[in-house]
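Q: Would you mind keeping the following structure in view while I ask a few things?
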Amino acid sequence: MSALSESAKQQIRDHFSRYPNKQAVTLPALHIVQQEQGCVSRAAIVEIAEMLELAPAQIVDTLSFYGFFKDEKHPLGKRRIWVCRSLACALRGGDELLAEVCDRLHVQPGDNTADGTATIELAECLGACDGAPCILIDDELQLNVTADEVVALAEGR
Amino acid sequence: MSAPFEPVLLARRGMPDGQSLKTYQATGGYEGLRKALAMEPKQVIDTVIKSGLRGRGGAGFSTGTKWTFLPKDIQGPVYLCINGDESEPGTFNNRELIECDPHQVLEGIVITGYATKSTTAYFYLRYEYGRCYRTLKKAIDEMYANNLLGKNILGSNYSLDVHLHRGACAYICGEETGLIESLEGKRAWPRIKPPFPDIEGAFRRPTVVNNVETMACVTQILDRGADWFLSIGVPKDPNNPRDGGSYGPKLYCISGHVNKPGLVELPLGITARELIDKHAGGVWKGRQAKAVVPGGISMGFLSAAELDTPLDFNGPGKVGCLGLCTAAVIVIDDQTSMVDVLYNTCRFFAHESCGQCTPCREGTAWSTKILARIRQGQGTLKDLDTLTDISNTIGIMPGTTICGLADGAAWPIKNALKKFRPEFEEYIKSGRKTQMREVAAAH
Ligand SMILES: Cc1cc2nc3c(=O)[nH]c(=O)nc-3n(C[C@H](O)[C@H](O)[C@H](O)COP(=O)(O)O)c2cc1C
Ligand code: SF4
Ligand code: FES
């Protein structure tokens, strides 16, 4: 069985005409696969490499540079919550927010909560410093948050 | 008295349906593009040179002049890369600009594409800006449906495609050659320059890289004229033949310990004090500012005595900061320890160094470790000299690294130890510890 769904393959192919070569489709392909499967598995890497006419090692080289992508041993929870710890947020409690959220959910940054509902991550500046401290849920920013709110989101409430 | 300044770049902020093509065109949108298409590309470049526009992405290089560095009579594709990676701590102007007025940015992209004869534009957008992504996607679809993108734009001979390309959460993708490598599907390792992107950029082709806010300025310059732009901001310093002036409106981000953090559009050259007191409701909790980041944390710090520094392209440099960068101001109140602040900046750069150059990789990591030790009450005065040594030896300026990330890491250290050294010494001598809780996986 193929590691990539037909829909993922089609979405990847749809990117080919946008770039002068297929290697440039690496990041889009990784996004498409992780979006669908919550991680990028070994088997998926091999198939992406085949589609992009690259060696699997080239995909791994790129993927491993960006802490963003998860392997099959560490798939994402249903939602991914990033807590910003850079200066503007830290000045308004960002570090403490991250520590409290991790304590209350019994996780370290990068871990999933026990029931797999959420993945908690630390983030550097999310570009929403006017709403410090802030978080990113999947790819939507949420400004001026409290630990209670973040924990509730992580618990799927 | 001159007339009060009217925001232009943010004019559509808060307008109902302000992001739609309909609203945009009903309020004068795409007039700049029509004017540009009626000119020769060279005339468009001359207009932008004349306006004095300098890039808003950090380096402050003359935008029009950069375009003239493309090789003459190029055969084959020329690429335009829009830098929407915005990740400099304190900075959120590109995000708000895109969210409130995507067409203003996209219009500038088509004008720039026409001026530089670009054949394809890649809009590199940091992944975190999901709302921007969806806003831009919608706007681009509207443009294709209305002959503003694609073949023969507005009946001209010029054709352009714009593709959105999402990043994957790495600060270094904002460095223009890191961006290009990332776009090409590789790890974002900045390239050794020269060759600069104008000569050999994306896919080894001539490439223009410009910031999002720069694009919005281009739109306004073509619509309102170079003289309008020149009438705003700070003129060239007559005593400095190398000064290009600081013209035009600028989006200033204000965050940290102020009552009203936010984004304001003002003429270049406003002072930090005016920004804080007049536009951000003053320092919070009735406190005083101890230090202010003048333009993103890479730039270093202004001390409380330096708050009257004009935030134009020259001001921060005159008081020992690296420059204006993104004009992102972060206010630090007098109850905050500079040891903690510096630890935070060092940790950021250690986390974001791409690891390619040893001085940057090791220097950022060691400065973070030293500050962590100081914060555990185990620092020595000699540590401060070691930190200063590190800050003087990493970066493009001492000539030891490939890109400017290391200079950005060095500057907060230099400024903190020059301007706040007694505080660091007192902290170490008292054996104090920072009680702030921190998650174990420090970096
Ligand atoms: C480490 C580093 C990070 C950078 N990040 C950004 C960024 O996020 N956005 C940006 O526009 N420019 C960034 N720059 C500057 C770009 O390299 C480049 O100068 C700029 O995109 C050119 O556009 P402009 O001329 O319109 O300013 C960064 C530079 C360095 C050294
Ligand atoms: S200076 Fe730092 S971030 Fe820049 S290329 Fe070298 S190691 Fe990478
Ligand atoms: S510092 Fe947290 S969003 Fe910028």
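The values are calculated or read from the model by the stated rules, or taken from the named source; none is laboratory data. In this text, all values refer to a predicted model and were calculated from it rather than measured experimentally. All Cβ positions, glycine included, derive from the backbone under ideal geometry; neighbour counts span all protein chains shown.
Q: Being hydrophobic (A, V, I, L, M, F, W, C), surrounded by fewer than 24 Cβ atoms within 10 Å (Cβ to Cβ) and more than 13 Å from ligand 2 (Cβ to nearest atom) is the filter here; which residues of the range B:333-369 pass it?
A: B:338, B:339, B:366 - these are the residues of the range B:333-369 that are hydrophobic (A, V, I, L, M, F, W, C), surrounded by fewer than 24 Cβ atoms within 10 Å (Cβ to Cβ) and more than 13 Å from ligand 2 (Cβ to nearest atom).
Q: Is one or more of the residues making up the range A:104-112 among the acidic types (Asp, Glu) and either under 17 Å from the mean Cα position of the chain (by Cα) or more than 9 Å from chain B (Cβ to nearest Cβ) (or both)?
A: Scanning the range A:104-112 turns up at least one residue that is among the acidic types (Asp, Glu) and either under 17 Å from the mean Cα position of the chain (by Cα) or more than 9 Å from chain B (Cβ to nearest Cβ) (or both).
Q: Quick check on my filter: what residues within the range B:215-253 are surrounded by fewer than 22 Cβ atoms within 10 Å (Cβ to Cβ) and within 15 Å of ligand 1 (Cβ to nearest atom)?
A: B:244
Q: Moving on to the next point. Write out, first by first residue and then by second, each pair whose Cβ atoms fall under 7 Å of each other, whose residues are 6+ apart or on separate chains, and whose first residue, in the range A:49-70, is farther than 30 Å from residue A:122 by Cα and at the interface with another protein chain (Cβ under 9 Å from one of its Cβ atoms) while the second is among the hydroxyl-bearing types (Ser, Thr, Tyr) and outside any loop (DSSP other than H, G, I, E, B).
A: From residues that are farther than 30 Å from residue A:122 by Cα and at the interface with another protein chain (Cβ under 9 Å from one of its Cβ atoms), the pairs are A:52/A:26.
Q: Let me confirm something: among A:98, A:122, which residue is modelled with pLDDT of 95 or more, part of a strand (DSSP E or B), closer than 28 Å to residue B:173 by Cα and within 11 Å of chain B (Cβ to nearest Cβ)?
A: The conditions single out A:122.
Q: Then there is this: When the residues of the range B:352-364 are narrowed to those that are more than 11 Å from residue B:409 (Cα to Cα) and within 14 Å of chain A (Cβ to nearest Cβ), which ends up nearest to the chain's Cα centre (by Cα)?
A: Step by step, filter the range B:352-364, then rank; the result is B:354.
Q: Which of (1) more than 17 Å from the chain's Cα centre (by Cα); (2) at negative phi; (3) within 14 Å of chain B (Cβ to nearest Cβ); (4) surrounded by fewer than 16 Cβ atoms within 10 Å (Cβ to Cβ) does residue A:35 not meet, given it meets every other one?
A: (1)
Q: Can you confirm whether residue A:123 is over 15 Å from the mean Cα position of the chain (by Cα), at negative phi and near ligand 3 (Cβ under 8 Å from one of its atoms)?
A: No, not satisfied.
Q: Looking at the range B:52-86, which of the residues that are polar (S, T, N, Q) and surrounded by 24 or more Cβ atoms within 10 Å (Cβ to Cβ) is nearest to ligand 3 (Cβ to nearest atom)?
A: B:83
Q: For the range A:1-32, name all the residues that are closer than 20 Å to residue A:65 by Cβ and under 20 Å from the mean Cα position of the chain (by Cα).
A: A:12, A:24, A:25, A:26, A:27, A:28, A:29, A:30, A:31, A:32
Q: Ok, one more. Got a sec? Which of B:151, B:138, B:72, B:117 is more than 12 Å from chain A (Cβ to nearest Cβ) and modelled with pLDDT under 95?
A: Just one listed residue meets the conditions, B:72.
Q: Being more than 16 Å from ligand 2 (Cβ to nearest atom), free of Cβ contacts under 8 Å to residues at least 40 places away in the same chain and surrounded by fewer than 16 Cβ atoms within 10 Å (Cβ to Cβ) is true for just one of A:104, A:42, A:85. Which residue is that?
A: Within the list A:104, A:42, A:85, the selection yields A:42.
Each row is one residue, and each column tells you yes or no for (1) within 12 Å of another protein chain (Cβ to nearest Cβ); (2) within 16 Å of ligand 3 (Cβ to nearest atom).
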{"position": "B:171", "(1), (2)": "yes, yes"}
{"position": "B:175", "(1), (2)": "no, no"}
{"position": "B:181", "(1), (2)": "yes, no"}
{"position": "B:185", "(1), (2)": "yes, no"}
{"position": "B:190", "(1), (2)": "no, no"}
{"position": "B:193", "(1), (2)": "no, no"}
{"position": "B:198", "(1), (2)": "no, no"}
{"position": "B:206", "(1), (2)": "no, no"}
{"position": "B:213", "(1), (2)": "no, no"}
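Q: If you go through the range B:138-196, how many residues are polar (S, T, N, Q) and either within 13 Å of ligand 2 (Cβ to nearest atom) or not assigned by TED's automatic domain parsing to the domain that holds residue B:59 (or both)?
A: 2
Q: OK, next. Would you mention how many residues in the range B:130-158 are of a type outside the set (Lys, Arg) and either within 16 Å of ligand 1 (Cβ to nearest atom) or in contact (Cβ under 8 Å) with a residue 24 or more places away in the chain (or both)?
A: 15
Q: Scan the range A:124-132 and tell me whether some residue there is within 16 Å of ligand 1 (Cβ to nearest atom) and in contact with a His (Cβ under 9 Å, 6 or more places away or on another chain).
A: Yes: one or more hits.
Q: Considering each of A:12, A:59 in turn, give the residue that is modelled with pLDDT of 95 or more, within 18 Å of residue B:169 (Cα to Cα) and touching a helix residue (DSSP H, G or I) at 6+ places or on another chain (Cβ under 7 Å).
A: That would be A:59, the only listed residue that is modelled with pLDDT of 95 or more, within 18 Å of residue B:169 (Cα to Cα) and touching a helix residue (DSSP H, G or I) at 6+ places or on another chain (Cβ under 7 Å).
Q: Something else: Out of the range A:128-157, which residues are touching a Pro at 6+ places or on another chain (Cβ under 9 Å), at the interface with chain B (Cβ under 10 Å from one of its Cβ atoms), assigned to a loop (DSSP other than H, G, I, E, B) and not hydrophobic (A, V, I, L, M, F, W, C)?
A: Selection gives A:144 alone.
Q: Condition check: in contact with a helix residue (DSSP H, G or I) (Cβ under 8 Å, 6 or more places away or on another chain), away from every other protein chain (no Cβ under 11 Å), away from ligand 2 (no atom under 16 Å from the Cβ) and more than 30 Å from residue B:54 (Cβ to Cβ). Does residue B:387 satisfy that?
A: The answer is yes for residue B:387.
Q: If you check residue B:275 against the conditions, is it assigned to a strand (DSSP E or B) and in contact (Cβ under 8 Å) with a residue 40 or more places away in the chain?
A: Answer is no for this residue.
Q: So, in the range B:260-272, how many residues would count as being more than 12 Å from every other protein chain (Cβ to nearest Cβ), in contact with a Gly (Cβ under 6 Å, 6 or more places away or on another chain) and either farther than 17 Å from residue B:4 by Cβ or without any contact (Cβ under 8 Å) to a residue 24 or more places away in the chain (or both)?
A: 0
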